[in-house]
Every structure is written in structure tokens, then in C-alpha cells.
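Q: Take this structure first; my questions come after.
No value in this document is a laboratory result; all are computed from the given coordinates. Since this is a predicted model, take the numbers as computed values, not measurements. Here the Cβ positions follow ideal geometry from the backbone for every residue, glycine too, while neighbour counts run over all protein chains shown.
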Amino acid sequence: MPEILVEGVSKTLGGLLTLGEINLKAGDGDFVGILGPSGCGKSTLFNIISGLMQPDRGRVFIDGQDVTGRTGRVSYMRQKDLLLPSLNIIENVSIPLVLKGMPKKKACAEAALHFNRFGLAGFENYYPRQLSGGMRQRAAMLRTYLFSSDILLLDEPFASLDAITKRKMQVWLIDVFNAVNPTVMYITHDVDEALYLCDRIYVLSGCPTVVKLEISIPFRRPAHGRTIIDAAYGAIRDKVMEALEI
Amino acid sequence: MKKFRSTADSVVPFVFIGLLLAGWEYTVKLKSIPEWILPGPVQIVRTLIDNAPLIAKHAQSTLIECLAGFAVAILFSFIVAFLMDEISLFRKAVYPLIVASQTIPIVSVAPLFIIWFGYGILPKIIVVVLVCFFPIAISLLSGLAAVDNDYLELFRSMQASKLKIFRMVKLPLAMPSFFAGLRISAAYSVMGAVIGEWLGAKQGLGTYMTLAQRSFQVDRVFAAILAVTLLSAALFALVSIIERIVIPWNRLNDK
């Protein structure tokens, strides 16, 4: 049961209280959005959940296990694709398997099984520089998935893409999510993206960051990126906007 | 049209050099400047061809010194850059020393190597190492330091060991910068060997040059200079070819 529980996490960075007492929860198969202004410590929060950074106070539990300050349970994907330009796509995405000790050939074969589902079929032997931004993010997502398939931390993965590509990638992400059903935490500062993708949204404040609003999204994701026409949409969007002080 | 322009671009330097050489040849002929003061380019090429076997023999020893020194410099650079990158105390201690060492003129210390190590090949190799080490080490080091911290965090979050991060991430990402330094020192290495030979050697282009100079065979001096230039260019080209083989991906342009 992959479940993420963040309990009372706080962190001071460079003398500035960045995170003040954050409590979050993501249940099995949840798609949880973390929405907040830029520079409010959302990435710091992910650094703590992934174990790269120790919180000053508070604990992080995954499946009921205390993983505070320990890497390896979850990996996370950022706005930058961070693919190695020296390796082709299949070598790049099989890196997590190789790091876990799998022989390179076997790791590539294992990674190849997922290329179709991630919309990367046919691009195995391309180098990252030969691909568009959208394709590179798909590869980065597959690499993240191959490290920990049940929990994905996504830190503004589509923020650097143009609007049309971004929408296509959101639709694609939903398809992937429906197929493999992982627990997802998704950082964004785009309200509509959050409302479109997530089951539940935490709205964070500016520094020091606290949870201002936790809200469940009652409507289902519309098929193929069509407009959300649910009657509740406007009211929820306004509530989120209000919490963001827009 | 575009293709025409790019061909024209590559022709321009050759035409310019051709004009310069023609001007030189013409001036020498017209003013009948004696050969022992300034020979024309035609005469220099003729001397080079006439003395080809002898010059080739000397060039061979110079080349051996270059390659040996070059190899040692690369090895040292890797060791020093690795230690400096991984151990910040080592970096703090050694970095100023390496930079300061560059202010010492090689020509002034080279005679000491002859006093210490004799007239053999060793002092020349040391000079080549000294000349080549700095550009290679600094370019490798700055390449390693320029690696985006996000890469390191990503790999740490995937529980990669320090050594694996160095081998899988830092080293490949530093390669383009490393090769830039390598190309520069490839051209410098011949100069280093020639300086070493000037001060006393049994063989090598530097020796040949000094001997020709002492007997006022200026055309031979120029022929030797031409040989040095060709050798440098050849080493430069060799490094470029190796670069293409080792990091083919670097020639792909970002989309």
C-alpha cells in the first residue's frame, strides 16, 4: 500500500523559515496536487520527501515506514529532463535499473517493454538532443517510473513546455496514470492544470510555507483534454484562487 | 545560395594566405634579398623537400617526446582533477599552486632539467608535460565543476554512489570541455618539445633548428618551422578526430 504521510515537517534554509509545519497525505493511487506560488519551498518539500534533505522537525512515512532523510524509496522528476546527453534514450531510462544492480543488457530489455505505453516507441536509439522537449519529458517520466513505479513525485514536469505540448502531455500523463495507477504528488503553480489532473489539491502559502487549503476535486477528469463543464468547477476554482490570494 | 556562401567562407582564408605568400615571394625576388637573410616560400618548401628524410628523422624524435609528454599530462590531469573535484580540502590547497605555477616561464626552468636529468629524452618530456598539464587539468576541472547540481541530486535520489556519479554523470558531461583543453595542449606540446631540444639534445626538430641557425642556413630554419607547424596541426587534427569518436553526441545540436 504505497501511502505518503508527511507529519509536521518544517525546515529553515539560510536563516529563513521556509517550511512551517507541513502535514500532507497521499493515499494509494491518489493523484495529489501541490499548488503554490513560486519560491514557496515546494521543491524543498520534495527534497525532504525524497530523502535528499533532512527536515528540522517532523517525519516522512511511506507505507507506514519512517523514511525521513533516507533516499531510495521514491525518485522524483523535475522541470528539467536531466537526461544525459552522452547516452541514447533507452540507456538513459534504464539507468535506475542499472543502479539497482541489473546488468545493462537486461535493464535495457526491461525498459524497452514500457516504451509503447509511454509513447516513446521507435525513439530507443535517439540521443536526447535529437528529441523535442515533450519527448524528453516522456523519457524522464519513464526513468522516474522505472525507479519507483508505485510512487511518483513530479515537480512541475511540464512547466517549460509550450501550451499546446503541455496540454498534450497532460492528456498523455492521465493515460499513463490510468494504466499503471501509481500514487502521484504533483507540484504546479498552474491552477487549471491542478484542477484538471488531480483528485485532491493542497494549496500552499508563500514563505513561511503552510497548508492554506486542502480541497477534494469532485468531478472526474474529462476524456482527452476536453473542457471541464461540471457545475462545481467555477466555485472550486474561485476557492483555490482565493487561497492563493489572486 | 547558402551552400555557395559556406564554400566561399572556407575558401577565403586560403586565398588570403595565398596572397600573403605571393607577396612575400615577390618582395624577396624583386628586392633580391639574400637567401641567408630571408628565403622566399618557394625556396623554403624546396629545402623542406630536399631535406625531407633528415627532417623526418628529427621530427620523429620530437613526435615521440610530444606523445609521451602528452600522455603523462593527460594521466596527471585526470588524477589531479578527480582529487580536486572530490576532496575540497585538496582543491583549496592545490588550485592556487597550479595557477601560480603558470607564471614561471618554462624557458627559464628547462635548463635546470638538463642539469638534473641530462641530455636524454626525459627533460624534454618533462617540459611537454609542464606545458600541456595546465590547459588539460583546468578545462577538465571546470567541466566537472560546471555539471548542473540537479543531475547530482537526481542521481543521489536514485542512490548512486559517489564513484558512480563521477563515472556516469560528471565525467561524460565534462568531456566536451576536456577536449577543448586537449586540443589546445596538442598544439602546444610540439612547442614544448622544441624548447626542450633547443637547450641541448642529440636529435629533434629543435636541435636541427639550432644547428641550421648557427650556420646561417636560414632556409633550413624556416623548413624546420614549417615542419613544427605541420606537426602541431597534425596533432590538433588527431585530437579532433578522437573527440568525434569518443563523444559523437556532442556534435548533435540542441533542439
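Q: Starting from the coordinates of the alpha-carbon atoms of the protein assembly as shown, obtain the Kirkwood hydrodynamic radius over all distinct pairs and give the value in Å to one decimal.
A: About 27.5 Å for the protein assembly as shown.
Q: Taking K and R as +1 and D and E as -1, what net charge do the other residues with C-beta under 15 Å from the C-beta of B:Gln203 add up to?
A: Once all neighbours under 15 Å are counted, the net charge is +1.
Q: Hey, what D do you get for the stretch B:107-180 in µm²/s if you plug the Kirkwood alpha-carbon radius into Stokes-Einstein at 10 °C and 1.306 mPa s?
A: 108 µm²/s
Q: Sort B:114-126, B:86-98, B:32-44, A:83-95 by the packing proxy (mean of other Cβ within 10 Å over each peptide's residues), most packed first.
A: The densest-packed peptide leads the list: A:83-95, B:114-126, B:32-44, B:86-98.
Q: Take the alpha carbon atoms of the stretch B:1-75, find their center, do the same for the stretch B:127-199, and report the distance between the two centers in whole angstrom.
A: 31 Å
Q: Using the Kyte-Doolittle scale, find the helices of chain B whose mean hydropathy is at least -0.5 and whose Cα atoms extend 24 Å or more along the helix's long axis, counting only whole DSSP H runs.
A: B:2-30, B:52-86, B:122-145, B:171-198, B:218-246
Q: Which cross-chain or sequence-distant (5 or more) residues have an amide H under 5 Å from the amide H of A:Ile22, H modelled 1.01 Å from N in plane?
A: A:Gly8, A:Val9, A:Ser10
Q: Now, a different point. If you take each beta carbon of peptide B:245-252 and count the beta carbons of other chains within 10 angstrom, what is the mean? Intermediate results must be reported in sequence, preceding the final value.
A: Working: counts 0, 1, 2, 2, 9, 4, 1, 6.
Partner Cβ neighbours, averaged per residue: 3.
Q: A further question on this structure: Could you work out, residue by residue across A:79-86, how many beta carbons of other chains sit within 10 Å of that residue's beta carbon, and then give the average as an integer?
A: On the way: counts 1, 4, 0, 8, 1, 7, 9, 12.
For this peptide, the per-residue mean of nearby foreign Cβ atoms is 5.
Q: What net charge is computed for the residues neighbouring B:Val107, neighbours being all others with C-beta under 14 Å from the C-beta of B:Val107, Lys and Arg scored +1, Asp and Glu -1?
A: Summing Lys and Arg as +1 and Asp and Glu as -1 gives 0.
Q: What helices in chain A pass both tests, a Cα length along the helix axis of 18 Å or more and a mean Kyte hydropathy of 0.0 or higher, using whole DSSP H runs?
A: A:163-180
Q: Further, regarding this structure: At a Cα cut-off below 19 Å, give the aspartates and glutamates reachable from B:Lys31, other chains included and same-chain residues fewer than 8 away excluded.
A: The qualifying aspartates and glutamates are B:Asp219.
Q: For the pairs A:Lys11/A:Lys80; A:Lys100/B:Lys170; A:Lys25/A:Lys80; A:Lys105/A:Lys168; B:Lys57/B:Lys124, flag any whose C-alpha to C-alpha distance is greater than 21 Å.
A: Listed pairs above 21 Å: A:Lys11/A:Lys80; A:Lys25/A:Lys80; A:Lys105/A:Lys168.
Q: Moving to a separate point now. How would you classify chain B from its alpha-carbon gyration tensor, with a ≥ b ≥ c the square roots of the eigenvalues: rounded for a/c under 1.5, else prolate if a/b is greater than b/c, otherwise oblate?
A: Because a/c hits 1.5 or more and a/b fails to exceed b/c, chain B counts as oblate.
Q: If you take every residue apart from A:Val171 with its C-beta less than 11 Å away from the C-beta of A:Val171, what net charge results, scoring Lys and Arg +1 and Asp and Glu -1?
A: On the way: positive: A:Lys166, A:Arg167, A:Lys168, A:Arg221, A:Arg226; negative: A:Asp175.
It works out to a net charge of +4.
Q: If amide H atoms are built 1.01 Å from N in the plane of the peptide, which residues on other chains or at least 5 residues away come under 5 Å of the amide H of A:Leu213?
A: Amide H neighbours of A:Leu213: A:Val203.
Q: Then there's this: In peptide A:217-223, what is the residue-averaged number of other protein chain Cβ atoms found within 10 Å of each Cβ?
A: 0
Q: Assuming a ≥ b ≥ c are the square roots of the Cα gyration tensor eigenvalues, decide whether chain A counts as rounded (a/c under 1.5), prolate (otherwise, with a/b larger than b/c) or oblate.
A: Oblate, since a/c reaches 1.5 and b/c is not below a/b.
Q: Still on this model: Rounded if a/c is under 1.5, else prolate if a/b is larger than b/c, else oblate: which is the stretch A:116-163, with a ≥ b ≥ c the root eigenvalues of its Cα gyration tensor?
A: Since a/c reaches 1.5 but b/c is at least a/b, the shape of the stretch A:116-163 is classed as oblate.
Q: Then there's this: Show me the ranking of peptides A:30-37, A:166-173, A:8-15, A:56-63 by mean Cβ neighbours inside 10 Å, starting with the highest.
A: The densest-packed peptide leads the list: A:30-37, A:166-173, A:56-63, A:8-15.
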